[in-house]
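Enquirer: Here it is, the structure, as structure tokens.
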Amino acid sequence: MDEFDIVVIGAGVAGLSAAATAARRGARVAVVEKLGAGGQIMTVERIENFPGAVEPVAGFELGPAMQEQAEQAGAEFLLDAVEEVLLDGPARVLRCSQGEITARALIVAAGSSRRALGVPGEERLEGRGVSHCASCDGPLHRGKTVAVIGGGDSAFDEALILATHAGQVLLIHRGESFRAAKPTVEKVSALENVRICLNSTVEEIIGDNVVQGLLVRDRITGASRRESVDGVFVYVGLEPNTDFLKGKLDLAEDGRVLTDRFMQTSVPGVFAAGDIRHASVALLAEAAGDGATAAIAALNYLGEGFEKARAAE
Ligand code: NAP
């Protein structure tokens, strides 16, 4: 059983920022991640709002760069899935698929997963035309018609990417106004190969082995129609990855972790950072800031114990 000063769950922007900050200050830090470094940004082709990114940066470049920076600071990376956390005793114990890890302080930065639409055909055709990654799967639909579902920043950012590959992009939104930033909405609306359908809900994704179309209902007239599409990109929001925390610490009604402004959760020595945190604005700059704040708070929590442990080594 490995014991660390601080264990970070999740190698997204928040987790990597926390790991680099804590390791740079001399803590023995491990990051436990089940996939790869970067989290949600690994599927994002153009990030324009990260501080200092004068030119758009690709998420699949930023993620590994942040991992390298954290490793250079001394953080260790463990590719493993956390199945359970035990927060009652003096140490935080993480039961992972490959064994147990203990830490004196824990930073939860496990992020979110894309919400499913929950309509017939979606699960069956996942990876066969149903996608959540425009930069990965957009080139497969060159010259064809694809649909983007959602009215938030993700839907509009990804519609911009898809419009460079597909012949036509159908943006389908259930409401009549958008949550996405106005300048992006204007940019997408001005594209000749984008058609926006408001007040429309997707009732079914149609196709035998691959996506062939959508059943779309007009919420005003109640009429349903079939739209022929070759791909469907679903961006209908995020669900926090907090199932493993239920009953262990206080969660908000939306399932996100409640913290104070120092990222301290309801359990002393357990911190949360990034879009898993209640009231997060889900911007990358915030995730990086959350991670740094959580790291400093965790070091302060360890306090003298941390200094003594380091001196004894
Ligand atoms: P979001 O902001 O929660 O938007 C989700 C969209 O999906 C909304 O338009 C919502 O409609 C719609 N929706 C939800 N459930 C639906 C359903 N069952 N059927 C049909 N439509 C449904 O999600 P997001 O766009 O993934 O963004 C998540 C967070 O990340 C946000 O805070 C966003 O600002 C941030 N983000 C920022 C950037 C950036 O800064 N460039 C990029 C990506 C994400 P209603 O509006 O009717 O509820």
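Enquirer: Take Ala22 and decide whether it is in a strand (DSSP E or B), surrounded by 19 or more Cβ atoms within 10 Å (Cβ to Cβ) and away from the ligand (no atom under 16 Å from the Cβ). So that I can check it myself, show each step before the final result.
Expert: Working: in a strand (DSSP E or B): no; surrounded by 19 or more Cβ atoms within 10 Å (Cβ to Cβ): yes; away from the ligand (no atom under 16 Å from the Cβ): yes.
For Ala22, the condition - in a strand (DSSP E or B), surrounded by 19 or more Cβ atoms within 10 Å (Cβ to Cβ) and away from the ligand (no atom under 16 Å from the Cβ) - is not met.
Enquirer: Between residues in region 155-175 that are without any contact (Cβ under 8 Å) to a residue 40 or more places away in the chain and residues that are near the ligand (Cβ under 10 Å from one of its atoms) and part of a strand (DSSP E or B), which pairs lie under 9 Å by C-beta distance while being six or more apart or on different chains?
Expert: Leu171/Ile149; His173/Ile149; His173/Ser200
Enquirer: Same structure, new question: Restricting to region 81-95, name every residue that is buried (at least 18 other Cβ atoms within 10 Å of the Cβ) and within 22 Å of Gly38 (Cα to Cα).
Expert: Val82, Leu94
Enquirer: Let me spell it out: the conditions are (1) of a type in the set (S, T, N, Q); (2) surrounded by fewer than 21 Cβ atoms within 10 Å (Cβ to Cβ); (3) within 21 Å of the chain's Cα centre (by Cα), and Thr164 meets all of them except one. Which number is the exception?
Expert: That leaves (3) as the condition not met.
Enquirer: Name the single residue, out of those in region 185-194 being in contact (Cβ under 8 Å) with a residue 24 or more places away in the chain and of a type outside the set (A, V, I, L, M), that is nearest to the ligand (Cβ to nearest atom).
Expert: First pass over region 185-194, keeping only residues in contact (Cβ under 8 Å) with a residue 24 or more places away in the chain: 185, 187-188, 191, 193-194.
Filter again for of a type outside the set (A, V, I, L, M), leaving 187, 193.
Numbers: Lys187: 12, Asn193: 21 Å.
Residue satisfying both the conditions and the ranking: Lys187.
Enquirer: Might you let me know whether region 195-202 holds any residue that is more than 9 Å from the ligand (Cβ to nearest atom), farther than 17 Å from Gly138 by Cα, without any contact (Cβ under 8 Å) to a residue 12 or more places away in the chain and open to solvent by 30 Å² or more (accessible area, probe 1.4 Å)?
Expert: Scanning region 195-202 turns up no residue that is more than 9 Å from the ligand (Cβ to nearest atom), farther than 17 Å from Gly138 by Cα, without any contact (Cβ under 8 Å) to a residue 12 or more places away in the chain and open to solvent by 30 Å² or more (accessible area, probe 1.4 Å).
Enquirer: Please determine whether any residue of region 9-17 is part of a loop (DSSP other than H, G, I, E, B), open to solvent by less than 40 Å² (accessible area, probe 1.4 Å), of a type in the set (A, V, I, L, M, F, W, C) and within 19 Å of Ala285 (Cα to Cα). I'd like the intermediate steps shown before the answer.
Expert: Within region 9-17, the subset part of a loop (DSSP other than H, G, I, E, B) is 10-11.
Next, from what is left, pick out any that are open to solvent by less than 40 Å² (accessible area, probe 1.4 Å): 10-11.
Add one more test, that the residue is of a type in the set (A, V, I, L, M, F, W, C), and what stays is 11.
Of the ones still in play, those that are also within 19 Å of Ala285 (Cα to Cα) are 11.
Yes.
Enquirer: Then there is this: Let me confirm something: among Gln40, Gln69, which residue is open to solvent by 10 Å² or more (accessible area, probe 1.4 Å), assigned to a helix (DSSP H, G or I) and within 14 Å of the ligand (Cβ to nearest atom)?
Expert: On the way: Gln69 fails: within 14 Å of the ligand (Cβ to nearest atom).
Step by step, each of Gln40, Gln69 is checked, and only Gln40 is open to solvent by 10 Å² or more (accessible area, probe 1.4 Å), assigned to a helix (DSSP H, G or I) and within 14 Å of the ligand (Cβ to nearest atom).
Yes/no per residue for (1) of a type outside the set (Val, Ile, Thr); (2) open to solvent by less than 70 Å² (accessible area, probe 1.4 Å); (3) in contact with a Leu (Cβ under 9 Å, 6 or more places away or on another chain); (4) within 16 Å of the ligand (Cβ to nearest atom):
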position: Tyr235; (1), (2), (3), (4): yes, yes, no, yes
position: Pro240; (1), (2), (3), (4): yes, yes, yes, yes
position: Phe244; (1), (2), (3), (4): yes, yes, no, no
position: Gly247; (1), (2), (3), (4): yes, no, no, no
position: Asp250; (1), (2), (3), (4): yes, no, yes, no
position: Thr259; (1), (2), (3), (4): no, yes, no, no
position: Ser266; (1), (2), (3), (4): yes, yes, yes, no
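Enquirer: Are there any pairs, at least 6 apart or on different chains, whose C-beta atoms fall under 9 Å, with the first in region 57-77 and over 10 Å from Ala11 (Cβ atoms) and the second open to solvent by 50 Å² or more (accessible area, probe 1.4 Å) and of a type in the set (Asp, Glu), and if so, which?
Expert: Qualifying pairs under 9 Å: Val57/Glu48; Ala58/Glu45; Gly59/Glu45; Phe60/Glu45; Glu76/Asp2.
Enquirer: Just checking, which of Glu3, Glu45 is in a strand (DSSP E or B), open to solvent by 20 Å² or more (accessible area, probe 1.4 Å) and not hydroxyl-bearing (Ser, Thr, Tyr)? Can you show your working first?
Expert: Numbers: Glu45 fails: in a strand (DSSP E or B).
Criteria check complete, one pass: Glu3.
Enquirer: Moving on to the next point. Somewhere in region 226-233, is a residue within 14 Å of the ligand (Cβ to nearest atom) and under 24 Å from the mean Cα position of the chain (by Cα)? Before the answer, list the steps.
Expert: The first filter runs over region 226-233 and keeps only residues within 14 Å of the ligand (Cβ to nearest atom), leaving 232-233.
Retained after the next criterion (residues that are under 24 Å from the mean Cα position of the chain (by Cα)): 232-233.
Yes; the residues of region 226-233 include at least one that is within 14 Å of the ligand (Cβ to nearest atom) and under 24 Å from the mean Cα position of the chain (by Cα).
Enquirer: Now for a different question. Need a quick list: strands (runs of 3 or more DSSP E) entirely within region 76-184 having at least 3 residues that are farther than 24 Å from Ala273 by Cα, within 16 Å of the ligand (Cβ to nearest atom) and among the hydrophobic types (A, V, I, L, M, F, W, C).
Expert: Values: elements: 76-79, 82-86, 92-96, 99-108, 112-114, 145-149, 168-172.
Answer list for region 76-184: 145-149, 168-172.
The values are calculated or read from the model by the stated rules, or taken from the named source; none is laboratory data. A quick note: this is a predicted structure, and the numbers were derived from the prediction, not measured. Note: ideal-geometry Cβ built from the backbone for every residue, glycine included; neighbour counts use all protein chains shown. Note: accessible area is taken over every heavy atom of the protein model, side chains too, but ligands, DNA and RNA are not part of it. Shrake-Rupley method; radii C 1.70, N 1.55, O 1.52, S 1.80 Å.
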